[in-house]
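To start, the structure under review is shown below, and the notes come after it.
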Amino acid sequence: MPSTRSQIMNLPNILTMLRIAAIPLLCVLLLSPEREPGFWAAALFAAASVTDWLDGYLARKMGIVTVFGKFLDPIADKLIVMAALIMILPFDRVPAWMVLVILGREMIITGLRGIASTEGIVIPASNLGKFKTIFQLVAIIGLLLHYDYHWFFGIDHPLLVVNMHNVGMFYLWIATVITIWSGVDYLSKFVRVIAK
């Protein structure tokens, strides 16, 4: 049987812990609404999002899926999303009600999963949750970048000017709709299973 240390200190779990460790730096960068800190915050958030995929892939590939990893990974995801959204609220980059919907959904579903697990019930997750996560991540990167970005040919003669705030809000609207949809879907599954 693997030791407790090997169940915790393996590469996938270390990547997950690094994602959590990145949150204070993300928050420090987002103390300023300026362009450059936002750019680096977006880069850090994007890198953390890559580790979210990578740690799960490595855990399955290396055959080291652990209870600790399954517990910590979703918490790390929620923490970094919460941190990014809350930190940009004072800059009016995102409607407060959207943040409330997204974070409220996560808290409710986490609570329901906890109740289900104590009863030995497994409620399968739908693909809606995956789509929600993808749209949320893209939206947050756009909102962190916020400013106009000039593509090709440089600032003086850009071929394309993209307002990243508008990009972020476009994807956040989609993410919010899927967030509500997936939350209702999970809640209905929970009620059906519990009612049996």
What is the local net charge at L54, summed over the other residues whose Cβ is closer than 15 Å to its Cβ (Lys, Arg +1; Asp, Glu -1)? -1
Summing -39500 (n - 2.57) over every DSSP H run of at least 4 in the chain, dividing by its residue total and rounding to the nearest 500, the 222 nm mean residue ellipticity is -26000 deg cm²/dmol
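Ignoring ligands, DNA and RNA, what percent of the 1.4 Å accessible area of the chain is carbon and sulfur?
Ligands and nucleic acids excluded, carbon and sulfur give 73 percent.
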Nearest-ten-degree value, helix 67-88 long axis tilted from longest Cα axis of the chain: 30 degrees
The long-range amide H neighbours of Y149, using H built 1.01 Å from N in the peptide plane and a cut-off of under 5 Å, are V162, N163, M164
Spatially close lysines, pair count over the chain: Cα under 18 Å, gap of eight or more or interchain: 7
In whole Hz, what ³J(HN,Hα) sequence does the range 20-31 give by Karplus (6.51, -1.76, 1.60; θ = phi - 60°), x for Gly and Pro? 5, 5, 6, 4, x, 5, 4, 5, 4, 4, 8, 6
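Gain in length, A46 to V65, computed as 0.36 nm per residue apart minus the alpha-carbon separation, to one decimal in nm?
4.5 nm
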Between I194 and M17, what FRET efficiency follows from the Cβ-Cβ distance if R0 is 30 Å, with the result rounded to 0.05? 0.35
Order of 115-123, 95-103 by packing, highest average Cβ count within 10 Å first? 95-103, 115-123
Helix 35-62: angle to the longest alpha-carbon principal axis of the chain, degrees 0 to 90, nearest 10? 30 degrees
What's the local net charge at G38, with K and R +1, D and E -1, over the other residues with C-beta under 15 Å away? -2
Per-residue ³J(HN,Hα) for the range 100-113, Karplus 6.51 cos²θ - 1.76 cosθ + 1.60, θ = phi - 60°, Hz, x for Gly and Pro: 4, 5, 5, 6, x, 4, 4, 5, 5, 5, 4, x, 5, 5
For helix 127-145, what angle does its Cα long axis make with the longest principal axis of the chain, in degrees from 0 to 90 and rounded to 10? 30 degrees
When only alpha-carbon atoms are used, what values of Rg and Dmax, in angstrom, describe the range 22-153? 16.5, 60
Cα Rg, Dmax (largest Cα-Cα span) when computed across the range 5-83, Å: 13.6, 43
Taking the solvent-accessible surface of protein heavy atoms with a 1.4 Å probe, what is the per residue accessible area of the range 48-92 in Å²? 56 Å²
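The values are calculated or read from the model by the stated rules, or taken from the named source; none is laboratory data. Small disclaimer: the values here were computed from a predicted structure and weren't measured. So basically every Cβ, Gly included, is an ideal-geometry build from the backbone, and we count neighbours across all protein chains shown. Surface areas here come from the heavy atoms of the whole protein model, side chains and all, with no ligands, DNA or RNA. Shrake-Rupley method; radii C 1.70, N 1.55, O 1.52, S 1.80 Å.
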